[in-house]
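Each remark here refers to the structure printed beneath this line.
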Amino acid sequence: MERIKEYQLLLFGLFLAVGLIICTTITTKTLSRTGIDVTGSANQIVNSDFASWRLEFSVKDPSMVNAYKKISQQTNEIKKFLILNGIQDSEIATEKINTEPVYKRDERGNPTNQIDYYQFTRAFTVNSNEVSKITSISLASQDLFSKGFQINSSDPQYFYTKLDNLKVALLEKATENAKQRAESMLKSTGNRIGSIKSSQMGVFQITPPNSTEVSDYGINDTSSVKKKVTAVVQAVFRIN
């Protein structure tokens, strides 16, 4: 019985040793074939170099003719206001007049077939490379309320027009960052980073400088003059 037990223990040890050798071989081959998958990122703060702002105004009158006269007069007065505040005529785009009849309502609040008044609406869109000028006129436009104008002023939109060139530079930096991360991860293993096997560009995040917001579809912030542009790269490197 003792010899049988010794024989069984010997077989068990032999099988265990062979198993460890096989596992080590498989692990080594898998490690050298698959590589290491890492994410790299890079960002840069930029100042917007183009801005756009839209100002809408409207008039009401029971007479269509009088409504048209009013909207024409206000078009001239508001355009004059913009130019006096530093906006160039070439920077102003005048939109067409929109006309809408508003019908009277009965005692139950239901619309009737009788026209109550006509509402005429028009808008100016101001575009300029002088970003600060757009910011100033959007604030100054509030003075039009005191002159009796019915206006609706949107928030300015700010853009960076050299974004395509910046994206190329940031992708290069993000790839380098991914390589540095891979080298740091392999440093304690005795392996070295090899050539890149594949890479995939992630979406760009364009946010206010202090924002931590991200989106799977990317963010394109137009509300802030200063912006943080972030690029992300998913890269797979070979392992030597």
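The conditions of being modelled with pLDDT of 95 or more and within 17 Å of residue 50 (Cα to Cα) are met by residue 137. Taking the conditions (1) assigned to a helix (DSSP H, G or I); (2) of a type in the set (Gly, Ala, Ser); (3) within 20 Å of the chain's Cα centre (by Cα); (4) surrounded by fewer than 15 Cβ atoms within 10 Å (Cβ to Cβ) in turn, residue 174 satisfies each one other than (4). Within the range 40-97, the set of residues being out of contact with any Phe, Trp or Tyr (no Cβ under 6 Å at 6 or more places or on another chain) and closer than 30 Å to residue 178 by Cα comprises 40, 41, 42, 43, 44, 45, 47.
From 221, 216, which residue is under 9 Å from the mean Cα position of the chain (by Cα) and charged (D, E, K, R)? Walk me through it before giving the result.
Working: 216 fails: under 9 Å from the mean Cα position of the chain (by Cα).
Among 221, 216, only 221 is under 9 Å from the mean Cα position of the chain (by Cα) and charged (D, E, K, R).
For the range 223-240, residues that are surrounded by 15 or more Cβ atoms within 10 Å (Cβ to Cβ) and not in a strand (DSSP E or B) total 2. Every condition in (1) touching a Phe, Trp or Tyr at 6+ places or on another chain (Cβ under 9 Å); (2) free of Cβ contacts under 8 Å to residues at least 40 places away in the same chain holds for residue 178 except the one numbered (2).
Determine whether the range 132-147 contains at least one residue that is in a strand (DSSP E or B), at negative phi and surrounded by 12 or more Cβ atoms within 10 Å (Cβ to Cβ). The answer is no, given that none of the residues of the range 132-147 is in a strand (DSSP E or B), at negative phi and surrounded by 12 or more Cβ atoms within 10 Å (Cβ to Cβ).
The set of residues in the range 113-131 being surrounded by fewer than 16 Cβ atoms within 10 Å (Cβ to Cβ), part of a strand (DSSP E or B) and out of contact with any Pro (no Cβ under 6 Å at 6 or more places or on another chain) consists of 113, 114, 116, 125. Residues in the range 100-109 include at least one that is in the same structural domain as residue 140 (by TED's automatic domain parsing), of a type in the set (Asp, Glu), more than 19 Å from residue 140 (Cβ to Cβ) and out of contact with any strand residue (DSSP E or B) (no Cβ under 6 Å at 6 or more places or on another chain).
The values are calculated or read from the model by the stated rules, or taken from the named source; none is laboratory data. Nothing here was measured: the structure is a model prediction, and the numbers come from that model. We place every Cβ from the backbone using ideal geometry, glycine too, and count neighbours over all the protein chains shown.
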